[in-house]
Amino acid sequence: MKAYTNIIFLLFILYLSNVNVYAQKTIEAYKMQPGESIELDGHTQEAFWQKAAVISDFYQQEPVPGNPASERTEIRIAYDTENLYISAQFFDSEPDKIKAFQRKRDAVLDTDDRFVFILDTYNDQRSAFYFEINPLGLMGDGILRVGQGTSINRSWDGIWRAWVAKTPEGWMTEIRIPFMTLNFDPNNDTWGINFLRTIRRKNEDVLWSGFQRNQGIQRPQDAGKLVGLKDINQGIGLEAIPYAIGTQVRQRENLESPKTAEFNHNFGGELNYNITPNLKAGITINTDFAETEVDDRQINLTRFPLFFPERRAFFLEGANIFLFAPSSNPNPYFSRRIGLQEGLPIPIRYGGRMIGRVKDTDIGFLHVNTAAQGERQAENFTVGRVVQNISEESTIGVIYTRRDTEGDSLPLRETLGMDLSLNTSKFLGNKNLQFEAFFVGHTPNFFGDESTVWDRSVRGGRINFPNEPWMAHMSYREFGVNYDPATGFAPRVGFRRLQPSISFSPLWKNSGLIRELSWQYYFEYLMEMDWRPATVNHRIRFLGLRFESGDILQFQANYNYEFLDRPFDILRDGEYVIDVGDYYNLGYTITAQSAPFRKIGGSLVYSRNGFWTGTETNITADLFMRPIIGLNLTASWIHSQVRLAEGNFDTHIIRLISGYDFSPWVSVNFNVQYDNITRFLGTNSRFTWVIDPGNTFFIVYNHNWFRLTDRFLSIEDRTNIKLAYTFRF
């Protein structure tokens, strides 16, 4: 504890004694006058744009930090009482070489030229709205939150619009963002703002502000300022999103029975209201997730449960506020514990949430009621989160969760935690330094539980130096033997863990072939609660190469020690059972990845490591093809070859993903997955039509087969047709 106190004191001294060595940039928004209007077509021909301030001083973050951008960029900003407008012109000396493949909303743009900007509407240097587009008019967005590591909630789909146009000099865009889409303080006329442009064929990233390698577009601390915003409003702040859905299901009760068909329909929706421009409340009734993408298939060869990310829109909106000590993963709140059981949906009857800010305090509140299903009783879930801003970049927060099972003998299960994040971007003048500490405990999960709070809690700390070319961190955490938050996720408990790492990634200037070299040492020392060593990992990346072309090649050596205190049944079928004992293993990993902007490319990860009483050889291979604009094809193979004293087995996961995007508004996608352990073949087909931002029509068809010796038997097929519409007032 004394060591933590000294670190905290040191960081506060650093806040007081250091100043940023870079002058802050500012742009003033032009307020449109009565009679001035805008025709949104991508071309900036309106006369008022010439009155708006223009910025063009962009500098490289790569390949040479601080060098002027190789191509000129001009950006202007205007607004009226209801909308913010951004115009940008991207000059290019070789416009025929501009890269643009993607059209689908939120597609990953490491393939394309792109324009990215953030809006720190609270000007608090901790969070921001994230937007990006490409020359085809693709729109991507998310909510960015800074902590020990920046996270972007890409599943947030704001209502906004971008228009693009190609020109003989490059490409240009006009963007409209309704103020109702954003949360902000109407009494503050200054927002944080920053811009990034990627020129993909050169692998060149240029920024308006914060161009050093330890800065960037995902750090609001390094953004410039947008000033002059006055007399803006969100209307009355009422938003209704009703939906209608029809579902047909055909399934077998067992392998011998014929399929039976069932058709049903449902209605529901959300109603949201902006209590203030900073604080939004909403309710949902008969929440449905038929349009949600399927989980990626995984085969678990470990002793611990696998983590599957949240994909449901209702739980993803505002999810950043509920993040708790994300670098240490105590996970007191894991939204997939609500409305899902072993991946299958549990009906949600109603729910409510309130997300936003009061002065310098972020607030998140969620309550959900799930229906009884089979032997499962109806349940109530409540989650509360408060995060208080302190100093310039730091926060302190608390989280509370409550789970109540109706008509059951289980006790009321509650969790309470506190986390502290101290951050500065001014260490030694312009370096980042971060410190995180947390504690979480919960009540007994059943009557008669005599475990102590110490057994039912987790605690730890982390100090992080996220800079370039040097990056380092040190973390320590303890997970009690009975830690099992009823609304959280704890894959492994009953351990103490020390984990430092250090990496060095210098740019190799003027080599003409290699852009970046990298080395890394990762160490993990995990002990039982009695301090007995349980897991020891050494990973050494002894050479990493990132080429000027964007291709990557890495070589890594691995050492692992495991103490097994009880027999481990690898496939949970009784055939391959590892005895209690000490196990020492050596191995290596080779990673190769092609530049993502190519029309044909992929990645290959090959590893061979000791595995209990034998060896495990893993191959993860991805092949992508983009023969024409809008068409994306990806084939993946995940293979494990296990050779043990107890016997040999192989696992395979095959995944085929294809999609064609007719425009940024209409797309068709197919996902096929098969693994040889469950022997299930699953397909997911989706047609999406964005009638207008906020108004979407889906057709989703899922079909599952089970492999019987040499043939596949259709087990279930399900068709969902859903229309969701947004009304704003």
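The values are calculated or read from the model by the stated rules, or taken from the named source; none is laboratory data. The model shown is predicted, which means the values in this text are computed figures rather than measured ones. FYI the Cβ positions are ideal-geometry reconstructions off the backbone, even for glycines, and counts take in every protein chain you see. Surface areas here come from the heavy atoms of the whole protein model, side chains and all, with no ligands, DNA or RNA. Shrake-Rupley method; radii C 1.70, N 1.55, O 1.52, S 1.80 Å.
Heavy atoms of the protein chains alone define the surface here; on that basis segment 79-151 has 26 Å² accessible area per residue at 1.4 Å probe size. What number comes out for the charge environment of Leu633, summing +1 per Lys or Arg and -1 per Asp or Glu over other residues with Cβ under 14 Å away? Value of the local net charge: +3. Against the empirical 2.2 N^0.38 Å (N residues), segment 559-678 has a Cα radius of gyration ratio of 1.41.
Extending 7 Å from Cα along the Cβ direction at Asp295 and again at Ile283 yields two label points whose distance is 3.2 nm.
For segment 30-150, the fraction of C-alpha pairs farther apart than 24 angstrom is 39 percent.
Can you work out the FRET efficiency for the pair Phe523 and Phe670, with r the C-beta to C-beta distance and R0 = 51 Å, to the nearest 0.05?
0.75
If you look at the Cα atoms of segment 149-220, you get an Rg and a Dmax of 15.2, 43 Å. With the convex hull drawn around the C-alpha atoms of the chain, the volume per residue stands at 171 Å³. Extension gain for Tyr350-Gln50 works out to 102.9 nm (0.36 nm per residue, less the C-alpha to C-alpha distance).
Annotation: segment 62-221 has a Kirkwood hydrodynamic radius of 16.1 angstrom, from the mean reciprocal C-alpha pair distance.
Where the alpha-carbon atoms of segment 107-168 are placed on the principal axes, they occupy 42, 22, 20 Å, in descending order. Its residue count N fixes a reference of 2.2 N^0.38 Å for segment 271-370, and the Cα radius of gyration divided by that reference is 1.21. In a simple Cβ point-charge model (Lys, Arg +1; Asp, Glu -1; nothing else charged), the chain has a dipole of about 760 debye relative to its Cα centre.
Report the paramagnetic label zone for Leu412: residues of segment 371-394 whose backbone N is under 16 Å from a point 7 Å from Cα along the Cα-to-Cβ axis. The answer is 379-384, whose backbone nitrogens lie closer than 16 Å to the label point. Put a dot 7 Å past the Cα of Leu604, heading toward its Cβ, do the same for Glu253, and the two dots end up 5.1 nm apart.
One way to sum up the overall shape of segment 450-605 is the equivalent ellipsoid from its Cα gyration tensor, whose semi-axes run 37, 21, 16 Å, largest first. Grouping the Cα pair distances of segment 185-243 into 5 Å bins from zero gives a pair-distance distribution of 4, 15, 16, 14, 13, 12, 11, 10, 5, 0 percent in increasing distance order. Over the C-alpha trace of segment 636-705, radius of gyration and Dmax come out as 17.7, 60 angstrom. Evaluating kT/(6 pi eta Rh) at 37 °C and 0.692 mPa s, with the Kirkwood radius of segment 345-387 over Cα pairs in the Stokes-Einstein relation, gives 280 µm² s⁻¹. The value of relative contact order for segment 164-208, using C-alpha pairs under 8 Å at least six residues apart, is 20 percent. Taking max minus min of the alpha-carbon positions on each principal axis, segment 540-624 gives extents of 49, 29, 15 Å, largest first. Mean projected area of the convex hull spanned by the Cα atoms of segment 317-444, taken over all viewing directions: 9.3 nm². For the chain, the fraction of 1.4 Å probe accessible surface lying on carbon and sulfur atoms is 57 percent. If the Kirkwood radius is taken over C-alpha pairs of segment 587-629, then at 25 °C and 0.890 mPa s the Stokes-Einstein diffusion coefficient equals 205 µm²/s. Here the label points at Leu543 and Phe446, each 7 Å from Cα along the C-beta direction, are separated by 5.5 nm in the simple model.
Mean projected area of the convex hull spanned by the Cα atoms of segment 478-568, taken over all viewing directions: 8.6 nm². Think of each Lys and Arg Cβ as +1 and each Asp and Glu Cβ as -1; about the Cα centre, that makes the dipole of segment 349-413 roughly 140 debye.
Compare the peptides 502-509, 562-569, 88-95 by average per-residue count of other Cβ atoms within 10 angstrom and give them in order, highest first.
88-95, 502-509, 562-569
Globularity index of segment 66-120 is 1.40 (Cα radius of gyration / 2.2 N^0.38 Å, N = number of residues).
For segment 627-705, with only Lys/Arg (+1) and Asp/Glu (-1) charged at the beta-carbon, what is the dipole magnitude about the Cα centre, in debye rounded to 20? Dipole size: approximately 100 debye.
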